Amino acid sequence: MTNKKKWLALPYFVWMVGFTLIPLVLIAVYGLTERGSGAFTFSNVLSIFQEEHLRALILSLVLSVICTLVCLLIAYPVALILRRAKVKKSGFVIFIFILPMWMNFLLRTYAWLNLLDDGGLIFTALKALGFQGNIIGTNGAVLLGMVYNYLPFMILPLYNSLTAIDDQVLNAARDLGANERKVLTRVIFPLSFPGVVSGITMVFVPSLTTFVVSDLLGGRKILLIGNIIESEFSIASNRHVGAGLSLVLMIFILISMAILNHYDKTGEANAI
Amino acid sequence: MKKLASFFGKAWLALVFVFLYAPIVTLIVYSFNEGKGRKWAGFSLVWYERMLHSSAIGDAVVNTLSIALLSALIATVLGVISCIGLSALKGRAKAVYMSINNIPLLNSDLVTGLSLMLVFVAVGLSFGYSTVLLAHISFNVPYVILSVMPRIRSMNQSTYEAAVDLGAKPIRAFFAVTVPEILPGVISGFLMAFTMSLDDFIITHFTKGPGINTISTLIYSEVRRGIQPSMNALSTVMFLSAILLLILTNVIPKDRRVKQKAAD
């Protein structure tokens, strides 16, 4: 009986080969061959060193690292406060903090246009304070959009890992003479580490690869590596170069996945 | 001292709250603005009317909902079947299977979308509704498996065997014994797949043809041309529906401990 049962796993296995594995192999095939002739080449991958591509990659890395740090700095206190309040009605509060995530991603980004664009509330307020020039089209606007979009992805795993800490552990630390600061730095921080790592990956990967935020808030002036790859596939249509650059991007994704796997064995911090 | 800390705590929460909701509230307010620009020109439902009469928006809504429903249904059937098969697998084979299953969850949507596009090009499928549907099924099954698998694991195998021993055919035993036990996981998997499909933009963007739009891709092409107030109206309706859906899904299954990835 059991022997027959395992064949039920086969259909989806075939599906995964067709729609997960072969597609990834195809990226490598495209990325490592020449357009037209199909000859093996590294030139698509190495085109990352062209000035425009390299500048986009560096800007993407800088913005996504800053975005991840800012999210962490905003979200950690929020998660801590929510943890303290857990006896009361934190269910509702966490619901409120997660709710924006359920709004369509494009709408969330687009919503900022209403505030930042010429005539928007924030634009007008900054102008009154003497600020010159546009907000849309600056790195700051793109960063703001990234932080806004991915902040809930940081709050959630942090909240999950912090609420999983048993109060008894904290009480034990206090009984053994630790003051509140020590409890925080020596007990809470280390125990929440898996949540921190998973929050970092969940923010870093999408912000590194985004092309939507920079498209909508960058006023077509900001090119991230995601924009370059996207346009190679849709407008310039040199898929070979696009695939080669994706391979470079995948190296960074793989690194952050490896780090996540190393620290978060249970996958529990990702639970939603 | 403690009071001061709690005051700062509350102030911080309030600040973050304002940050999260200010754009959404502005968007909702503007959706009722009579004028097209940023100046308040009086209350009006004109953009809602425009939205209801736009065939582009209507088509996009129908596409989005039907793709979400179909892809979630197919993904749920495929996911449940493979979970049952997986429960009979052990060791290495199972671990490899689960790792491949996790790839779309961990990978960037950009790479997933591009790679699916390349496969459709290689096979020679014409881009349109069916390619989007296939892509959505592909990224939905992992969510179903992750929410059904724990249920199957914690299930008592002997009740199923008892049913078979007592003369039930395997199919009957499955529907009478297994299904009721795993149902909460199946429902939450289905709902998660449904919402993931609704929310997706990037993968759809790369797998759709020129003639077809979902709500996300429509917003993208509209917004790139500048502010479109009827998009504000559409956003408001969608946000309120999302709240409604979320309340419903949180009331029905209490079994939502499955991974959600950075959907973008």
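GNM remark for chain B: springs join alpha carbons under 10 Å apart, and the peak mean-square fluctuation among B:Leu246, B:Leu20, B:Leu69 falls on B:Leu20. If I take every Cα pair under 8 Å that is 6 or more residues apart in chain B, average their sequence separation and divide by the length, what percent do I get for the relative contact order? Rounded, it is 31 percent for chain B. A simple count of charges around B:Leu114, restricted to other residues whose Cβ falls under 11 Å of its Cβ and scoring Lys, Arg +1 and Asp, Glu -1, yields -2. When you count the other C-beta atoms within 10 angstrom of each residue and take the mean per peptide, B:160-166, B:142-148, B:115-121, A:248-254 line up highest first as B:142-148, B:115-121, A:248-254, B:160-166. For the protein assembly as shown, the mean residue ellipticity at 222 nm estimated from helices alone is -23000 deg cm²/dmol, where every DSSP H run of n ≥ 4 contributes -39500 (n - 2.57) and the total is divided by all residues, rounded to the nearest 500. For region B:1-106, the relative contact order is 10 percent, taking Cα pairs closer than 8 Å that sit 6 or more residues apart in sequence and dividing their mean separation by the residue count.
For chain B, a Gaussian network of Cα nodes joined below 10 Å ranks B:Ser158, B:Ser197, B:Ser71 by mean-square fluctuation, and the top entry is B:Ser158.
Using a/c under 1.5 as the rounded threshold, could you call region A:51-270 rounded, prolate or oblate? The axes a ≥ b ≥ c are square roots of the C-alpha gyration tensor eigenvalues, and prolate needs a/b larger than b/c, oblate otherwise. Oblate. Within the straight-line cut-off of under 17 Å between alpha carbons, the aspartates and glutamates reachable from B:Lys3 are A:Glu180, sequence neighbours fewer than 8 places apart in one chain being disregarded. Remark: mean inter-chain Cβ contacts per residue of A:95-101 equal 5, using a 10 Å Cβ-Cβ cutoff to other protein chain atoms. Classify region B:1-111 as rounded, prolate or oblate from the Cα gyration tensor: take a ≥ b ≥ c as the square roots of its eigenvalues, call it rounded if a/c is under 1.5, otherwise prolate when a/b beats b/c and oblate if not. Note, shape of region B:1-111 comes out oblate.
Pairs from the table (A:Lys5/B:Lys90; B:Lys36/B:Lys208; A:Lys6/B:Lys208; A:Lys5/B:Lys94; A:Lys4/B:Lys94) lying more than 23 angstrom apart at Cα are B:Lys36/B:Lys208; A:Lys6/B:Lys208.
Comparing A:Pro206, A:Pro100, A:Pro190 in a Gaussian network model of chain A (Cα springs below 10 Å), the most mobile by mean-square fluctuation is A:Pro190. Roughly speaking, what is the centre-to-centre gap between region B:154-169 and region A:182-225 when only Cα atoms are used, to the nearest Å? Rounded to whole Å, the Cα centres lie 47 Å apart.
For the residues of B:100-108, the average number of beta carbons from a partner chain within 10 Å of their own beta carbon is 6.
Karplus-derived 3J(HN,Hα) values for region A:108-114, using 6.51 cos²θ - 1.76 cosθ + 1.60 with θ = phi - 60°, are 4, 6, 4, 4, 5, 4, 4 Hz; glycine and proline are entered as x.
For the segment B:236-243, counting C-beta atoms of other chains within 10 Å of every residue's C-beta and taking the mean gives 3.
Karplus-based coupling profile of region B:187-200, in residue order and whole Hz: 5, 5, x, 4, 5, 5, 4, 4, 6, 4, 5, 4, 7, 5, with θ = phi - 60° in 6.51 cos²θ - 1.76 cosθ + 1.60 and x standing for Gly or Pro. What is the distance in Å between the Cα centroid of region B:1-69 and that of region A:97-118? Taking the Cα centre of region A:97-118 as reference, the centre of region B:1-69 is 7 Å away.
Rg/Rh for the protein assembly as shown stands at 0.98; both radii use Cα atoms, and Rh follows the Kirkwood definition.
Here region A:120-164 and region A:1-65 have alpha carbon centers that stand 32 Å from each other. Considering only alpha-carbon pairs that sit under 8 angstrom and 6 or more positions apart, the relative contact order computed for chain A is 29 percent.
With K and R counted +1 and D and E -1, the other residues having a Cβ less than 14 Å from that of A:Phe189 yield a net charge of +3.
Please determine, in degrees from 0 to 90 and to the nearest 10, the orientation of helix B:109-123 with respect to the longest principal axis defined by the Cα atoms of chain B, where the helix direction is its Cα long axis. Tilt of helix B:109-123: around 70 degrees. Amide H contacts of A:Thr33: A:Thr41, each under 5 Å away and 5 or more positions distant or on a separate chain (H built 1.01 Å from N in the peptide plane; Pro and chain starts excluded).
Every number here is computed from the coordinates shown, using simple stated rules; none is lab data. The structure displayed is predicted, hence computed values, not measured ones. Here Cβ is always computed from backbone atoms with ideal geometry, including for glycine, and neighbour counts include all displayed protein chains.
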